[in-house]
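Worksheet: the structure to be examined is printed underneath.
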Amino acid sequence: MREPTLYEMMQRLIGSPSVSSVSPAWDQSNAQVIDHLADWCEARGFAVERLPIAGHPGKFNLVASAGSGPEGLVLSGHTDTVPFDEKRWSSDPFRLTERDDRWYGLGSCDMKGFFAVVLDAIRDLDTARLLHPLILVATADEESSMCGAKSLLDTHRRLGRHAVIGEPTGMKPIRLHKGIGMEAIRLTGRSGHSSDPALGISALDGMYHAIGELLAWRDELQRRYRNPLFAVEVPTLNLGHIHGGDNPNRICAECELHFDIRPLPGMDLDELRGEIDRRIGQRLRGSGLRFERISLFEGIPAMDTAADSPIVKAAESLTGHRAGAVAFATEGPYFNDLGVQTLIMGPGSIDQAHQPDEYLALDQIQPAKRIIRDLVTRFCMT
């Protein structure tokens, strides 16, 4: 059977919807993408495992391996995309479209295109010559729950010693990124007529004090922690959404604030949450308000792969770029927790990700294929 070309692989991957979302109205299975990848890997002589993710019907990981041993190289990516607004696209987001030396389509750079580029790069690979394993990993739901990467961690999945996750970085190596926590503060007081403050307990008044405490804490964190490798060198805290009350002449009984925290490597999310609980609890003591902090999702830890790790040094040598840091989060920390030294590097630009008319520039493809082949040679064949 004739193997599909790079363009044909891109066509099939882009044409297989696999949106992941916390909204059930948007969320889709990634099974079709997994099936395509499994078929292509099996045709190349890889041993393929389709791994259903417990508690997430219709969601799958794929692990395809050739060769054996404890070392080797993992090339990994996620199979899902974000939701989309079709009205803002110039072409069908599920049809690969070429124009202006670019391939347009949902997932073209983030990050279905990485799978197609990898499979094209190793098209002529003789797996019998592998001295160390080459493992291709495709995960589910990176854009929402991270359940794919977490499942690999929860099942203590053994992978190789070195990994590249092909998020779009313009093929510049990334070894650090910030974490993400999204939290809610909910205050509950007592409603009453606004003409007499003694008739109620204002949750909005309490939130004023809670916000002041958060902003003072943010200033302390930014004085305490700094990493010059990041464009924004300090941890950030963004107040993103607030709602409360129902009428100007009623004392506000409930108020809720949503915010996100972006900690630097070395900062622990659970410790930060504990500090929020302690500080807000102390500030509101005696107010009569009930205080709750709710994690809006589990959070993603920061990533820090050692600067002297072999995968980092190899990528720096092959690209001519020093490994850097980014503010967006990836599955990298979960791979590091599996004992896999992990680097983020792939074709495309993060500026095109999550945008209408997402594209992969064609001039990124050949350099990416060359670097991938060189990494396979270095970590699997020598």
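The values are calculated or read from the model by the stated rules, or taken from the named source; none is laboratory data. What you are looking at is a predicted structure, and each value in this text was computed from that prediction instead of being measured. Every residue, glycine as well, gets a Cβ built from its backbone with ideal geometry; the counts of neighbours run over all protein chains shown.
So, GLY181, is that one touching a helix residue (DSSP H, G or I) at 6+ places or on another chain (Cβ under 6 Å), within 30 Å of ALA203 (Cα to Cα) and surrounded by fewer than 21 Cβ atoms within 10 Å (Cβ to Cβ) or not?
On the way: touching a helix residue (DSSP H, G or I) at 6+ places or on another chain (Cβ under 6 Å): yes; within 30 Å of ALA203 (Cα to Cα): yes; surrounded by fewer than 21 Cβ atoms within 10 Å (Cβ to Cβ): no.
Against the criterion (touching a helix residue (DSSP H, G or I) at 6+ places or on another chain (Cβ under 6 Å), within 30 Å of ALA203 (Cα to Cα) and surrounded by fewer than 21 Cβ atoms within 10 Å (Cβ to Cβ)), GLY181 does not qualify.
Could you identify the single residue in ILE300, ILE280, ILE294 that is surrounded by fewer than 13 Cβ atoms within 10 Å (Cβ to Cβ) and of a type in the set (Val, Ile, Thr)? Spell out the reasoning first.
On the way: ILE300 fails: surrounded by fewer than 13 Cβ atoms within 10 Å (Cβ to Cβ); ILE280 fails: surrounded by fewer than 13 Cβ atoms within 10 Å (Cβ to Cβ).
Matching residue, one of ILE300, ILE280, ILE294: ILE294.
Residues of region 1-25 that are out of contact with any Lys or Arg (no Cβ under 7 Å at 6 or more places or on another chain), in a helix (DSSP H, G or I) and of a type outside the set (Lys, Arg): LEU6, TYR7, GLU8, MET9, MET10, GLN11.
Of the candidates ALA210, ALA203, ALA140, ALA184, the single residue that is closer than 25 Å to PRO356 by Cβ and touching a strand residue (DSSP E or B) at 6+ places or on another chain (Cβ under 9 Å) is ALA140. Within region 47-65, can you find the residues that are of a type outside the set (D, E, K, R) and crowded, with 21+ Cβ neighbours inside 10 Å? Answer for region 47-65, where residues must be of a type outside the set (D, E, K, R) and crowded, with 21+ Cβ neighbours inside 10 Å: ILE53, PHE60, ASN61, LEU62, VAL63, ALA64, SER65. Each residue in region 69-106 was checked for being under 25 Å from ALA315 (Cβ atoms) and exposed (fewer than 12 other Cβ atoms within 10 Å of the Cβ), and 1 of them qualify. Is it the case that region 310-321 has a residue that's in contact with a Phe, Trp or Tyr (Cβ under 6 Å, 6 or more places away or on another chain), at pLDDT 95 or above, not in a loop (DSSP other than H, G, I, E, B) and not aromatic (Phe, Trp, Tyr)? The answer is no; no qualifying residue exists.
Residues are listed down the side, and each one gets a yes or a no for (1) at pLDDT 95 or above; (2) more than 23 Å from LEU51 (Cα to Cα); (3) assigned by TED's automatic domain parsing to the domain that holds GLN32:
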{"position": "GLY105", "(1), (2), (3)": "yes, yes, yes"}
{"position": "CYS109", "(1), (2), (3)": "yes, yes, yes"}
{"position": "PHE114", "(1), (2), (3)": "yes, no, yes"}
{"position": "VAL118", "(1), (2), (3)": "yes, no, yes"}
{"position": "ALA128", "(1), (2), (3)": "no, yes, yes"}
{"position": "PRO133", "(1), (2), (3)": "yes, no, yes"}
{"position": "ALA140", "(1), (2), (3)": "yes, no, yes"}
{"position": "SER144", "(1), (2), (3)": "no, no, yes"}
{"position": "LEU153", "(1), (2), (3)": "no, no, yes"}
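Could you check, for region 167-185, whether at least one of its residues is in contact (Cβ under 8 Å) with a residue 60 or more places away in the chain and within 30 Å of LEU199 (Cα to Cα)? Yes, region 167-185 contains a residue that is in contact (Cβ under 8 Å) with a residue 60 or more places away in the chain and within 30 Å of LEU199 (Cα to Cα).
Conditions tested, residue by residue: (1) buried (at least 16 other Cβ atoms within 10 Å of the Cβ); (2) over 15 Å from SER191 (Cα atoms).
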{"site": "ALA203", "(1), (2)": "yes, no"}
{"site": "TRP217", "(1), (2)": "yes, yes"}
{"site": "PHE230", "(1), (2)": "yes, yes"}
{"site": "GLU233", "(1), (2)": "no, yes"}
{"site": "ILE242", "(1), (2)": "no, yes"}
{"site": "ALA253", "(1), (2)": "yes, no"}
{"site": "PHE259", "(1), (2)": "yes, yes"}
{"site": "GLU271", "(1), (2)": "no, yes"}
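Only a single item in (1) surrounded by fewer than 22 Cβ atoms within 10 Å (Cβ to Cβ); (2) closer than 18 Å to GLY166 by Cα; (3) among the charged types (D, E, K, R) is not met by ASP124, and it is number (2). Can you run down the residue pairs with Cβ atoms below 9 Å, 6 or more apart or on separate chains, where the first is in region 355-382 and under 21 Å from SER91 (Cα atoms) and the partner is in a helix (DSSP H, G or I) and not hydroxyl-bearing (Ser, Thr, Tyr)? As it stands, the answer is GLN355/ARG88; PRO356/GLU86; PRO356/LYS87; PRO356/ARG88; ASP357/ARG88; LEU360/MET10; LEU360/GLY113; LEU360/VAL117, since those pairs meet every condition given. Of note, ARG123 does not satisfy the criterion of being under 19 Å from ALA54 (Cβ atoms) and either in contact (Cβ under 8 Å) with a residue 40 or more places away in the chain or touching a helix residue (DSSP H, G or I) at 6+ places or on another chain (Cβ under 7 Å) (or both).
Among the residues making up region 184-218, a single one is part of a strand (DSSP E or B), within 30 Å of THR330 (Cβ to Cβ) and either touching a helix residue (DSSP H, G or I) at 6+ places or on another chain (Cβ under 7 Å) or modelled with pLDDT under 95 (or both): ILE185. Go through region 26-66 and give me each residue that's within 21 Å of the chain's Cα centre (by Cα) and either of a type in the set (Asp, Glu) or in a loop (DSSP other than H, G, I, E, B) (or both). Across region 26-66, the qualifying residues are TRP26, ASP27, GLN28, SER29, ASN30, ILE53, ALA54, GLY55, HIS56, PRO57, GLY58, LYS59.
hydroxyl-bearing (Ser, Thr, Tyr), within 30 Å of PRO70 (Cβ to Cβ), part of a strand (DSSP E or B) and under 20 Å from the mean Cα position of the chain (by Cα): is that true of THR330 in this structure?
Values: hydroxyl-bearing (Ser, Thr, Tyr): yes; within 30 Å of PRO70 (Cβ to Cβ): yes; part of a strand (DSSP E or B): no; under 20 Å from the mean Cα position of the chain (by Cα): yes.
No.
Only one entry of LEU362, LEU375, LEU343 meets the criterion of being surrounded by fewer than 19 Cβ atoms within 10 Å (Cβ to Cβ) and at pLDDT 95 or above, and that entry is LEU362.
Could you run through region 79-89 and say how many residues are touching a Ser or Thr at 6+ places or on another chain (Cβ under 8 Å) and modelled with pLDDT of 95 or more? I'd like the intermediate steps shown before the answer.
Here is the first cut: in region 79-89, the ones touching a Ser or Thr at 6+ places or on another chain (Cβ under 8 Å) are 79-83.
Imposing the further condition that a residue be modelled with pLDDT of 95 or more reduces the set to 79-81.
So the answer is 3.
Note on region 292-348: residues that are among the hydroxyl-bearing types (Ser, Thr, Tyr) and either in contact with a helix residue (DSSP H, G or I) (Cβ under 6 Å, 6 or more places away or on another chain) or closer than 26 Å to ILE261 by Cβ (or both) total 5. Scanning region 269-322 for residues that are closer than 20 Å to ILE344 by Cβ and among the acidic types (Asp, Glu) turns up ASP304, ASP308, GLU316.
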